[in-house]
Structure formats: C-alpha cells, structure tokens
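Undergrad: Following this message is one structure expressed as structure tokens.
The values are calculated or read from the model by the stated rules, or taken from the named source; none is laboratory data. Because the structure is a prediction, the values reported are computed rather than measured. Cβ: placed from backbone, ideal geometry, glycine included. Neighbour counts: every protein chain shown.
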Amino acid sequence: MALETTTMKKDPILSVEHLSMRFGGLMAINDFSFEAYRGDITALIGPNGAGKTTVFNCITGFYKPTMGMITMKQKSGKEYLLERLPDFEITKHAKVARTFQNIRMFSGLTVLENLLVAQHNKLMQASGYTVLGLLGFPAYKQASKESIELARHWLEKASLVDRADDPAGDLPYGAQRRLEIARAMCTGPELLCLDEPAAGLNPRESLALNELLRGIRAETGTSILLIEHDMSVVMEISDHVVVLEYGQKISDGNPDFVKNDPRVIAAYLGVEDEEVEEVIEQIEEIEGGQGGSKK
Amino acid sequence: MANIASTSASAGSDLTARALREAVFAGLISLGLFVLFVGLKTDQNIRNELVLNQRWGLLAIFVIVAAVGRFLMVAYIQPAMARRKAAKAEAEDVVKEETFFKRNFSKIAIAALILYPPVIVALVGVQGSLKWVDNFGVQILIYVMLAWGLNIVVGLAGLLDLGYVAFYAVGAYSYALLSTYFGLSFWILLPVAGILAAFWGMILGFPVLRLRGDYLAIVTLAFGEIIRLVLINWTEVTKGTFGVSGIAKATLFGIKFDASKDGFAALMGLPMSSAYYKIFLFYLILALALLTAYVTIRLRRMPIGRAWEALREDEIACRSLGINTVTTKLTAFATGAMFGGIAGSFFAVRQGFVSPESFVFLESAVILAIVVLGGMGSLTGIAIAAVAMIGGTEILRELSFLKAVFGPDFTPELYRMLIFGLAMVVVMVWKPRGFVGSREPTAFLRERKAISGSFTKEGHG
Ligand SMILES: Nc1ncnc2c1ncn2[C@@H]1O[C@H](COP(=O)(O)OP(=O)(O)O)[C@@H](O)[C@H]1O
Ligand SMILES: [Mg+2]
C-alpha cells in the first residue's frame, strides 16, 4: 500500500523531464523529473533553497532551463513545450497561471481592476485591439460587462466582494494572497501554479485558502501545482506530493507514502539553518497524525 | 470659570510676548550676520582705490524682515497650523461632502475656456486681446496638450521619458517641411504629423524596451538630443539653425486669415486684425487638447490602458498574466508621441517658423515637471500645473513693478528659472504626489472611490 502506483494510470497535464538549471557554478535543479496529473492538487515540497521556486520559474518561462523538457498537455489534447515559449505566452496560449512567493499585486489598482487586468487578452480581442472599442462598438461593452461578472464571481469565491473597490495594496496579507489566486484564475488557466500560498497566513486565513483551492478544483476542474513549506497543509489538501532536496527528487507519491518515507524525514531533519526546530515540530506533528491513523 | 477665561487670556498674551522676544532675537541675529555682508560694501573707485560703502538702509530692511517674519511666524502662522492639524485629525472620519464646484470642475473649466476669447475681446478690445489669447491662452494650452501626451508614457505606463520634445520636433518639422516642399494643407498634415511622431515613438521604443529606470531616462534624453542635432546638421532639408520660415497658415474651411478680399475679416465684414487668427488658433488647440484628454480617458477604460497602469505597478506580474509587455510599452510610447507630434504641427502653424532652438532639453524638462507637479496620471492636476507653470512664467514678464523694488537693472525674466525651481521645490514638499495625488479607478462594482497616491507606484522605467 505504501508504494502508491495508481496515479501512474492517470492522465498527466504537465510532465517535467530531466530538468536542470544552473546558476553559475550552482546546480539549482539537477535532472529533475515529475508529472502532475489532470484534476489533482500536486504539491512540491522541500526544505528552503531546495529549488522549488526555480522549478516554477522554469515552468512559467521566467527562467530558461539549462536542460530538460517541460510539456503541458491541454484538455483539448494540444501540447506545448513550455521551455520554448516566452513567459507571457505560457499564460496566454498554454493556459498555465501562477502566483508568486512574495505577493505581486497591482497595489495602486482596485481589487476589481486587478482581476480585469488578468482578462487582458480576451478583452483586447473584444475591443478589436483597442480600435473598435475606442470607436464605441457594442461588442466591447458586452465583453466588458462579462469580464466584470467573471471578476465578481471570483471575488465571491475568494470572499473579497466587500473590498472590490478598495486599492489592492490596502488589503491584509491573507486577502492579498487570495486576490492573487483569484487574479490568476481570471486568466482561465488549466494549470494553476501557487508558490507558497499559505506562507505567513494565520490559521483562519489558512482555512479560507484551503477552501478556495478546493472550490477551484471542484468547480473548474483546474489542476493545481503548489509549493508548500508547511507539511500539515500539504498533507491535508494534496493528492500527490513530490519532494525536492538540493535540486533532486527524493520522493514522489501520495501524501501517506511521502510522509513515511525515511528519506523525506531525513531531509527535513537534515536542514541546517535556524529552522531545524520548526521542522522537528512538523515531523512530530506528522508522526502524531500517523499514530492516530494507525489506531 | 473665571480661572479658565484668565488662563486663555494669559495664554494669548504669553504668545505675543514670546513672539516679540523671538522677533527681537531674530533681528539681533540677522543684524550680527549681515552687518558685515550687507551693511558695508567694499568697492573700487575710479582711481582704483578701495572705498567702503555704507548701506545701513538695506541692512535695516534685512533686519526688519527677519524680525517681523519671526513675529508673524510665532504669533500667527504656527498656532494657525497647529489648529489646522487638530481640525484635520478631528475631521478624518467625516466623509467630505464634495462641493458643486469640485464635482463639476472639468465642465466648468471647459465652459470657461470656450468663453475666454469673447470675454477678453469684450474687456480689452480686439487688438488688446492678442496678448491674452496668444501669450497666455494658446501658449498654456500647447503645454497642457504636451503634458497630457507625456502623461500617457510617464503617468500611466510609468516609463520615464526625458526626450519627449523630440516628438514635438518631429511633428513641427513634419508640417513645416511637407507644407513648404509639397504644399500640403494643414488639415492633412495634422494627422500625418501625429502618425510620423508615433512611428518615431516606436523607433525609440524598440531599443529601450529592455531598459528600466535611470537607464531608460538617459537613453530617451539622448534620443531627444539626436533628433535636435539631426535637425541642426541636415542643412539641405532643414536649413539647420536658420530654421524653416514662411510656413503656411491654417485655413478654416478654406477661408484664409489674411487681408485679401475673401479672407476671414473681409467675409465677416470686420476690420482686418491678426487677432482673429489667434482666436481661431486658440479654439483649434483647445479642441486638440480636449481630444487628447478624451482619448486618454477612453483608453484608461480599455484593456490597453489598464495594462499600461498595471505595467507601472508591476511588470513581472503583468507577464505572469499573459500580457505582452513589449507591445504594451510600444503602444504607450507611440500614443504619447502621436499627441506630441500633433501639438508640434500646431506649434509650427502658430509660429510660422520652426528652428531647432525650440526643441532643447529644457522643454522636455518643463513638460515632465508639469506632469510630476500636477500628479502623475491626473488630467485635472496636470492642467492646473500647466496653468501655474506656463502662466506663471508669462506673468513674470509682466511684472515690471518688481523693477521698483529691486532697482532698474532687475529683469524678471532672468529670474524665471530661479522662481520656477523654488516653486517646484515648495510644491513637492507640500504635496509630494503633485496637485492631484489620487487616482480614479477605471471600473467599480459598488462605488467609485478615489485611490490615495500612497498606494500607486511611479513605475521603474
Ligand atoms: N536567479 C538566481 N540566480 C542565482 N541563484 C539563484 C537564482 N534563483 C535561485 N537561485 C538559487 O537556487 C537555489 C534554489 O532556490 P529556490 O528555488 O528559490 O529555492 P526554494 O524556493 O525551494 O526555497 C538557491 O540556492 C538559490 O540561491
Ligand atoms: Mg521559494
């Protein structure tokens, strides 16, 4: 039972093969391969500096990998080689959206405007690349109304409707995280990549986030790939966990399998910085959970 | 009861006493400071001997100004400021009721501008109106239009452009050269000048796309200089520093503004005066400026305008949302340049003469200063700033009474830049985000709330 292999039969939406990324003399990612399956919440975990964010940046085109192949397979069967696309086309055509580890809001725009910016490409087309819209053609007005409705929908999901007309920079931290996710969803993605969405959230905000993520998956069937530091969050919501350490994969499977994997436990204990205590705590927590399930 | 009254009364007299004391100190200090600098002056007489001039009157003025200034500061200004601060803190939560004037400011301003020429003519006569319509009206409106054009690049897209005057030059020379060599009419060349300037905006845009902040500013500055140097050195076409003169005037539906018998004045049965042409130019530049404002307002509500503002806020986030930042930046450069070009061709038709001298870096700096002073992104603020800066410098030419104060050698124009700089420093200290620091959202769900300037970013190039 520990060696979970049922996921192998699933349909992969993203396959990363032999990915390597070198910064000067540092091999940040070394021959890393994994697959994310359609409809799953896949978690990429690992100690600080393991290279998780770098993997995301390669997937979303912000870095060009030194080696390797990243394939995105859409529902329609269309395939994109992401390492060959410029970053904005990855969102536009391949339908991969992302958030950032340190939140990137348009802080001077309102919450609603943030979500409208995310619908840029759709609205550009509706406005005839601005020309028809400037002349007041009705098609743009209609599209504009629809875009506000879509924004309202995601604001409701993220429980941000009350703050829709406030500047995004005025929101509390947890709300900004949810807004960033809602904004990414407004691009209409098939794969949503979240970089440490739960970092810095208080327990209540964490709960709201989990709800939002589950809601997204249940409603749109969007596959989610998330980086997480907090093991308890990962174990609760993910279907599939990949563990990275020093740029290499050390474990891959369902949450139960991963948290019992001695290599994972060692990796988390092996962290040498000031976070040791935190990690020990997390592992104890996991082991506590394990004991409970064994009963 | 009596106690309270007496304390407040004694507080008042305390204040005056303190103010008097400080005024005396200030006077003494300035006396000590200036007695040698101002009170005594060494000069050479005709025989090259050193003589000591005594200027006790001037010294007295210095001392009195310091003492009276200090008295007013302590007795009135400081308490007033403290009161205002307290009142402001109290009124913080009270929602400000906007006055009728404030709400309809732009409509009232447009109406006032349309009525401006007839009112001036009625007040000072046809001939007397020349100065007010041309020097003040047209001059200010040209800068309003230029600043609104630059606002698209700097205020909305957050790309610092120090060479905006280049597009103004391209527009001016496009009209000057195409009308002299090919005899094309103003109304055809107006859009042509805009398109040519937009084209040059793209040309500038391509190499600077990868640059940000300071680097972008320097390259745009260099671009402005290149255009000017080309205009100076390409003498076969542009006649170099001599400039192009005798540029054809604009016509109104084919009616010329000259002394001929089918000219405007003759047709209307009016005595011939160049003022009619100036009034016509006033309405023309007013229409062009309003077109700029209208297009800017419309564009802000379009996806492209929102993308510009998003680009100013965070470029990486833009790319993560599938926005092509290259084309977005290029369109911002091109749109801003187009309005600069149109303003340029208007400038050429108004002056009847263009030379590279009109397109120096200082012009770019003034236009940028207007945008920053007005509040980046705010059309109203920028218009106010243009009136203050350009109108202010024009008024400085008029202030001949200053000669009475500073002596007959004083030429107010020479102090223009000094006063100009001082005013900018004062305004930026007083309102760091410009006259209008808040931003109007382009869409809303429930209510439109202005966004405080503390949330918006200036862009990073
Ligand atoms: N742009 C970069 N240039 C140089 N080194 C980088 C760069 N980005 C990441 N790294 C290095 O790669 C390693 C992995 O970083 P990162 O992917 O951010 O880790 P994680 O997100 O797992 O904490 C770190 O050692 C980091 O210093
Ligand atoms: Mg990271």
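Undergrad: Among the residues of region A:57-102 satisfying the criterion of being over 16 Å from the mean Cα position of the chain (by Cα) and among the hydroxyl-bearing types (Ser, Thr, Tyr), which is surrounded by the fewest Cβ atoms within 10 Å (Cβ to Cβ)?
TA: A:76
Undergrad: Looking at (1) modelled with pLDDT under 85; (2) crowded, with 22+ Cβ neighbours inside 10 Å; (3) small (Gly, Ala, Ser), find the lone condition where residue B:185 falls short.
TA: (2)
Undergrad: Condition test on residue B:182, is it of a type outside the set (S, T, N, Q) and outside the structural domain of residue B:359 (by TED's automatic domain parsing)?
TA: Considered against the rule, which asks whether it is of a type outside the set (S, T, N, Q) and outside the structural domain of residue B:359 (by TED's automatic domain parsing), residue B:182 comes out as no.
Undergrad: If I filter region B:264-278 for residues that are modelled with pLDDT of 80 or more, within 26 Å of residue B:116 (Cβ to Cβ) and not β-branched (Val, Ile, Thr), do I get at least one hit? Spell out how you get there, then give the answer.
TA: The first filter runs over region B:264-278 and keeps only residues modelled with pLDDT of 80 or more, leaving B:277-278.
Those left that are additionally within 26 Å of residue B:116 (Cβ to Cβ): B:277-278.
Now narrow it down to the ones that are not β-branched (Val, Ile, Thr): B:277-278.
So far as region B:264-278 goes, yes, one or more of its residues are modelled with pLDDT of 80 or more, within 26 Å of residue B:116 (Cβ to Cβ) and not β-branched (Val, Ile, Thr).
Undergrad: Now for a separate question. Do the conditions hold for residue B:342, that is, is it part of a helix (DSSP H, G or I) and either surrounded by fewer than 24 Cβ atoms within 10 Å (Cβ to Cβ) or out of contact with any helix residue (DSSP H, G or I) (no Cβ under 8 Å at 6 or more places or on another chain) (or both)?
TA: Numbers: part of a helix (DSSP H, G or I): yes; either surrounded by fewer than 24 Cβ atoms within 10 Å (Cβ to Cβ) or out of contact with any helix residue (DSSP H, G or I) (no Cβ under 8 Å at 6 or more places or on another chain) (or both): no.
No.
Undergrad: I want to confirm something. Restricting to region A:41-93 and keeping residues that are within 15 Å of ligand 1 (Cβ to nearest atom), among the hydrophobic types (A, V, I, L, M, F, W, C) and part of a loop (DSSP other than H, G, I, E, B), which single residue is nearest to residue A:18 (Cα to Cα)?
TA: That would be A:50.
Undergrad: Can you say whether residue A:242 is away from chain B (no Cβ under 14 Å), within 16 Å of ligand 1 (Cβ to nearest atom) and outside any loop (DSSP other than H, G, I, E, B), as far as the supplied structure shows?
TA: Judged against the criteria, residue A:242 is a match.
Undergrad: Sort through B:312, B:300, B:306 and tell me the only one that's at the interface with chain A (Cβ under 7 Å from one of its Cβ atoms) and in contact with a Lys or Arg (Cβ under 9 Å, 6 or more places away or on another chain).
TA: On the way: B:312 fails: at the interface with chain A (Cβ under 7 Å from one of its Cβ atoms); B:300 fails: at the interface with chain A (Cβ under 7 Å from one of its Cβ atoms).
From the options B:312, B:300, B:306, the qualifying one is B:306.
Undergrad: Taking the residues in region B:293-327 that are surrounded by fewer than 24 Cβ atoms within 10 Å (Cβ to Cβ) and among the polar types (S, T, N, Q) as candidates, determine which candidate is nearest to residue A:191 (Cα to Cα).
TA: Per the stated criteria, the residue is B:324.
Undergrad: Here's another thing I want to ask about it. Which fully enclosed helices (runs of 4 or more DSSP H) of region B:270-326 have 3 or more residues being closer than 23 Å to residue A:128 by Cβ and not aromatic (Phe, Trp, Tyr)? Give the steps one after another, and end with the answer.
TA: Details: elements: B:275-300, B:303-313, B:315-320.
Because the criterion is at least 3 residues that are closer than 23 Å to residue A:128 by Cβ and not aromatic (Phe, Trp, Tyr), the helices (runs of 4 or more DSSP H) in region B:270-326 that meet it are B:275-300, B:303-313.
Undergrad: May I ask you to list the residues in region A:154-182 that are assigned to a helix (DSSP H, G or I), over 22 Å from the mean Cα position of the chain (by Cα) and closer than 11 Å to residue A:112 by Cα?
TA: Matches in region A:154-182: A:161, A:162, A:163.
Undergrad: Restricting attention to region A:208-237, report how many residues are within 16 Å of ligand 1 (Cβ to nearest atom) and of a type in the set (Asp, Glu).
TA: Residues that pass the stated criteria total 2.
Undergrad: Still on this model: Can you pull out every residue in region A:36-63 that is polar (S, T, N, Q), away from chain B (no Cβ under 14 Å) and within 9 Å of ligand 2 (Cβ to nearest atom)? Explain how you work it out, then say what you get.
TA: Taking region A:36-63 as the starting set, the residues that turn out to be polar (S, T, N, Q) are A:42, A:48, A:53-54, A:57, A:60.
Within this subset, residues satisfying the condition of being away from chain B (no Cβ under 14 Å) are A:42, A:48, A:54.
Passing the criteria: A:48, A:54.
Undergrad: Could you tell me which residue of region B:160-210 is nearest to residue B:223 (Cα to Cα), considering only residues that are outside any helix (DSSP H, G or I) and of a type in the set (A, V, I, L, M, F, W, C)?
TA: Here is the first cut: in region B:160-210, the residues outside any helix (DSSP H, G or I) are B:160-164, B:183-185, B:209-210.
After this cut, where a residue has to be of a type in the set (A, V, I, L, M, F, W, C) as well, the list is B:160, B:162, B:184, B:209.
On the way: B:160: 13, B:162: 9, B:184: 28, B:209: 14 Å.
Only one residue tops the list, namely B:162.
Undergrad: When you check residue A:250 against the structure, is it at pLDDT 80 or above, within 16 Å of ligand 1 (Cβ to nearest atom) and either away from chain B (no Cβ under 14 Å) or assigned to a helix (DSSP H, G or I) (or both), yes or no?
TA: Numbers: at pLDDT 80 or above: yes; within 16 Å of ligand 1 (Cβ to nearest atom): yes; either away from chain B (no Cβ under 14 Å) or assigned to a helix (DSSP H, G or I) (or both): yes.
So residue A:250 passes the test.
Undergrad: Another question, then. Of the residues that make up region A:21-30, is at least one at pLDDT below 90, within 17 Å of the chain's Cα centre (by Cα) and within 16 Å of ligand 1 (Cβ to nearest atom)?
TA: No; the residues of region A:21-30 include none that is at pLDDT below 90, within 17 Å of the chain's Cα centre (by Cα) and within 16 Å of ligand 1 (Cβ to nearest atom).
Undergrad: With the requirement that a residue be within 16 Å of ligand 2 (Cβ to nearest atom), closer than 22 Å to residue A:14 by Cα and away from chain B (no Cβ under 14 Å), what does region A:180-224 give you?
TA: A:196, A:197
Undergrad: Looking at this structure, is residue A:107 under 30 Å from residue A:56 (Cα atoms), more than 8 Å from every other protein chain (Cβ to nearest Cβ) and assigned to a loop (DSSP other than H, G, I, E, B)?
TA: Working: under 30 Å from residue A:56 (Cα atoms): yes; more than 8 Å from every other protein chain (Cβ to nearest Cβ): no; assigned to a loop (DSSP other than H, G, I, E, B): yes.
So residue A:107 does not fit the description; no.
Undergrad: Here's a follow-up. Tell me, yes or no, whether region A:190-204 has at least one residue that is in contact (Cβ under 8 Å) with a residue 60 or more places away in the chain and touching a Phe, Trp or Tyr at 6+ places or on another chain (Cβ under 7 Å).
TA: Our first condition is that a residue be in contact (Cβ under 8 Å) with a residue 60 or more places away in the chain; within region A:190-204, this holds for A:190-197, A:199.
From the residues that got through so far, the ones that are touching a Phe, Trp or Tyr at 6+ places or on another chain (Cβ under 7 Å) too are A:193, A:195.
Taking every residue of region A:190-204 in turn, at least one turns out to be in contact (Cβ under 8 Å) with a residue 60 or more places away in the chain and touching a Phe, Trp or Tyr at 6+ places or on another chain (Cβ under 7 Å).
Undergrad: Here is a further query. Going by the conditions given, is residue A:72 within 25 Å of residue A:213 (Cβ to Cβ), within 12 Å of another protein chain (Cβ to nearest Cβ) and either within 16 Å of ligand 2 (Cβ to nearest atom) or modelled with pLDDT of 85 or more (or both)? Spell out how you get there, then give the answer.
TA: Values: within 25 Å of residue A:213 (Cβ to Cβ): yes; within 12 Å of another protein chain (Cβ to nearest Cβ): no; either within 16 Å of ligand 2 (Cβ to nearest atom) or modelled with pLDDT of 85 or more (or both): yes.
No: the conditions fail for residue A:72.
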